[in-house]
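Take a look at the structure below.
The values are calculated or read from the model by the stated rules, or taken from the named source; none is laboratory data. None of these values were measured; they are calculated from a predicted model. Here the Cβ is made from the backbone with ideal geometry for all residues, glycine too, and neighbour counts use every protein chain on show. SASA here: full protein model, heavy atoms, side chains in, ligands and nucleic acids out. Shrake-Rupley method; radii C 1.70, N 1.55, O 1.52, S 1.80 Å.
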Amino acid sequence: MVKIGLDLMGGDFAPQSPLDGIELAFKELGNDFEIHLFGNEEVLNSVKTSIPAERLVKVVTTEVIEMGESPTKAIMKKPNSSITVGLGHLKAGLIDVYISAGNTGAVLVGSMYSVKAAEGIIRPAIASYVPNLKGGYSI
């Protein structure tokens, strides 16, 4: 079973936008997965999704790393943030992947401190699909 961690506290239009994204993925994933939702209790209790309840695991966190915060300081000062706790679950093997639309720098710094880079990798990279003017995509 694939265990997907999802940060509900970060990004534009959170928590609805991450939930909308995971619902789109749900249609493609089949039945061999569960979603671990990371967020504060109020947000977790307000979650409305078509994903079956038996596929959801709610993980309560009490802190949020805001978009404008210094990534390194935030990771160190907010050990109970959705990003820090989610990456901790990834490191411990409780989830297989962690997704966050929050503070990108904090996710990168946190992943380097907790999960660590694969052997031979000096620093992480971010890649995104960009549409080409004549059709198709580039990375």
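Some notes on this structure:
- Cα-centre dipole for region 28-139 with unit charges at Cβ (Lys and Arg positive, Asp and Glu negative), debye to 20: 380 debye
- Farthest towards the positive end of the charge dipole of region 64-139, among the residues Tyr129, Gly102, Met67, is the Cα of Met67, using unit charges on the Cβ of Lys, Arg, Asp and Glu.
- Region 57-139 - percent of accessible surface contributed by carbon and sulfur, probe 1.4 Å: 61 percent
- Charged side chains reduced to their Cβ positions (Lys and Arg at +1, Asp and Glu at -1) give region 4-43 a dipole of some 80 debye around its Cα centre.
- Inverse mean reciprocal Cα-Cα distance (Kirkwood Rh) of region 61-108, Å: 10.7 Å
- Cα pair distances exceeding 25 angstrom across the chain, given as percent: 29 percent
- Cβ-Cβ distance of Ser128 and Glu41, R₀ of 35 Å, FRET efficiency by 1/(1 + (r/R0)^6): the value works out to about 0.60.
- Relative counts (whole %) of C-alpha pair distances in region 34-90, using bins that are 10 Å wide: 23, 47, 24, 5
- Relative protection proxy for 116-125, 27-36, from highest mean packing down: 27-36, 116-125 (other beta-carbon atoms within 10 angstrom).
- Region 37-67 residues near the modelled Glu23 label - backbone nitrogen below 19 Å, point 7 Å along Cα→Cβ: 37-39, 43-58
- Residues of the chain: accessible area per residue with a 1.4 Å probe, Å²: 62 Å²
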